[in-house]
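Colleague: Questions regarding the structure given below will be posed in turn.
The values are calculated or read from the model by the stated rules, or taken from the named source; none is laboratory data. Only a predicted model underlies this, so the values are computations on that prediction, with no experimental measurement involved. Here Cβ is always computed from backbone atoms with ideal geometry, including for glycine, and neighbour counts include all displayed protein chains.
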Amino acid sequence: MRQAQLSTRKMKLVNSCINNIQFWLFPASCVLCGAPGHNGVDLCPHCETDLPRISPACQCCGLPLTENEQARCGQCLQTPRPYQRTISPYYYQPPLIQLITQFKFNHRLVMARVFAYLLAKHIINDQHKPEAIIPVPLHPRRLRERGYNQSLEIARLLGKTLNIPVDYKLCQRTRYTLPQTGLTAKTRKQNVKDAFGLTGTCEYKHIAIVDDVITTGHTITELASLLHKNGVDEIEVWSVARAVPD
């Protein structure tokens, strides 16, 4: 046991040294304009300021509020959701569409650090933090095709920044589904129906689900419903961007 602990410590030390070397050899540069990054992140202050913010946003679903709405949108007031809070600070518009696409399909993993930084800025001062972060799982077939789970990559960095454990084993995709992109809203809902399952007993009462982008919200709703049915009382949804219906 002691030998295993020492080995783990050595690996952490090696990884820390590698990260420090990479930081000095390859200083952060903005993924949008190439200018020097800041706070060790590949995004400059000017480009960060120009990102399309959603404000004010519904506390529950993250969609923009109208002039007559306060705190929660009319839809969330009328139809209860299986989650209580959404933090999704930016519109799913250029340049975030391009950055998220590069991250998901072009192996541009540096974007995980950018996205985790942008999300953490909106969460870090919260006093009531979840017990665990749950990344939206990929089906094993999709994971083999892509090589990584983009939601997990963001969640790992968020967990480290916020000091919240990441549980990527609790939830799994039990059914291979078509990519949601290009499907109608009705087809998307059917596409993810009963697509998730638990690998064991859920003991959390407060969790945060992490994804890169929320489009129609059907994937998040399906996963949140499963967790709620299995005893989770308080569910938050964290994503970098939110698509707004026409």
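Colleague: Does Ile235 meet the test of being outside any loop (DSSP other than H, G, I, E, B), touching a helix residue (DSSP H, G or I) at 6+ places or on another chain (Cβ under 6 Å) and more than 22 Å from Met111 (Cβ to Cβ)?
Modeller: yes
Colleague: Of the residues Ile220, Ile209, which single one is at pLDDT 90 or above, of a type in the set (Val, Ile, Thr), within 24 Å of Leu51 (Cα to Cα) and assigned to a helix (DSSP H, G or I)? Quick ask: steps written out before the conclusion?
Modeller: Details: Ile209 fails: assigned to a helix (DSSP H, G or I).
Of the residues listed, the single one that is at pLDDT 90 or above, of a type in the set (Val, Ile, Thr), within 24 Å of Leu51 (Cα to Cα) and assigned to a helix (DSSP H, G or I) is Ile220.
Colleague: Here is a follow-up. Of all residues in the range 32-52 being in a strand (DSSP E or B) and of a type outside the set (Val, Ile, Thr), which is modelled with the lowest pLDDT?
Modeller: Applying the filter and picking the extreme gives His38.
Colleague: Additional query: If I filter the range 110-137 down to residues being hydrophobic (A, V, I, L, M, F, W, C) and in a loop (DSSP other than H, G, I, E, B), which single residue comes out as surrounded by the most Cβ atoms within 10 Å (Cβ to Cβ)?
Modeller: Top of the filtered list is Val136.
Colleague: Name the single residue that is surrounded by the most Cβ atoms within 10 Å (Cβ to Cβ) among those in the range 67-94 being touching a helix residue (DSSP H, G or I) at 6+ places or on another chain (Cβ under 8 Å) and part of a loop (DSSP other than H, G, I, E, B).
Modeller: Among residues in the range 67-94 that are touching a helix residue (DSSP H, G or I) at 6+ places or on another chain (Cβ under 8 Å) and part of a loop (DSSP other than H, G, I, E, B), the one surrounded by the most Cβ atoms within 10 Å (Cβ to Cβ) is Tyr83.
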